[in-house]
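As structure tokens, the structure follows; a few thoughts come after it.
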Amino acid sequence: MMSPLNKLYSAIVSGITTVIFIAGFSAQAWAIAGVDFPLEDDLDFAEVQEMIDAGEYQKAISYLDYEIIEWYPENAEALTLKAYSLRSMGKHDEAMENYNAALAVDPTHKGALEYQGELYLKMGNQEAAAINLQKLTNLCPRGCLAHETLQAAIEGFKDGKVSWVPPAHRENVGK
């Protein structure tokens with residue numbers, strides 16, 4: 001006969017095993033049900049990046065909202081890409097909200113720091129952009145693309161030049 005303590009232990013182990021089993025196969029269960037539900041670590045942003053590169057910002061926002069952020073509301077990369085799209089559409093306040101949300105989740109997200117710094121410049125706040133640049137300096141002691149890009153944008157801002165141009169229009173810059 002099993003003691004009450006052994007019964008309790010057995011029940012706990014059985015419950016934990018069931019939870020691990022269900023969690024381990026939940027993505028597969030969603031796939032079997034016809035729902036594309038990738039694990040957060042397996043998210044691929046290539047499709048939405050193509051939309052952004054093509055200047056299809058509203059389409060990118062819809063994709064991010066319904067395909068990623070709905071399932072992973074604290075995904076810093078998705079929030080950053082949404083903010084970038086909003087900024088590209090001139091929706092600066094909404095973009096700032098999303099950059100702040102991304103950085104609340106991951107204060108070391110280099111893309112969010114760079115793009116938020118560029119938005120600060122578009123809004124005329126060089127001091128805030130410089131704070132983001134300092135954060136990137138700390139994150140990238142040997143330099144990185146995000147640091148170099150924001151630094152160049154700040155220098156351009158000081159010279160009175162346009163500090164940022166949407167990717168879809170970059171080929172026309174200087175012509």
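The values are calculated or read from the model by the stated rules, or taken from the named source; none is laboratory data. All of these numbers come straight from a predicted model, not from anything done at the bench. Note: ideal-geometry Cβ built from the backbone for every residue, glycine included; neighbour counts use all protein chains shown.
Looking only at the stretch 125-153, which residues are of a type in the set (Gly, Ala, Ser) and either touching a strand residue (DSSP E or B) at 6+ places or on another chain (Cβ under 6 Å) or not in a helix (DSSP H, G or I) (or both)?
Gly143
Please count how many residues of the stretch 127-147 are more than 18 Å from Thr80 (Cβ to Cβ) and at pLDDT 95 or above.
5
Within the stretch 52-72, restricting attention to residues that are of a type in the set (A, V, I, L, M, F, W, C) and in contact with a Lys or Arg (Cβ under 8 Å, 6 or more places away or on another chain), which residue is farthest from Leu86 (Cα to Cα)?
Top of the filtered list is Ile69.
Just checking, how many residues over the stretch 102-132 are closer than 20 Å to Ile52 by Cα and within 13 Å of the chain's Cα centre (by Cα)?
Qualifying residue count, the stretch 102-132: 9.
For (1) in contact with a Pro (Cβ under 6 Å, 6 or more places away or on another chain); (2) surrounded by 24 or more Cβ atoms within 10 Å (Cβ to Cβ); (3) of a type in the set (A, V, I, L, M, F, W, C), each residue gets a yes or a no:
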{"site": "Ala54", "(1), (2), (3)": "no, no, yes"}
{"site": "Asn75", "(1), (2), (3)": "no, no, no"}
{"site": "Tyr115", "(1), (2), (3)": "no, yes, no"}
{"site": "Gln126", "(1), (2), (3)": "no, no, no"}
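State all residues of the stretch 128-146 that are surrounded by fewer than 14 Cβ atoms within 10 Å (Cβ to Cβ) and of a type in the set (Gly, Ala, Ser); if no residue qualifies, say none.
Gly143
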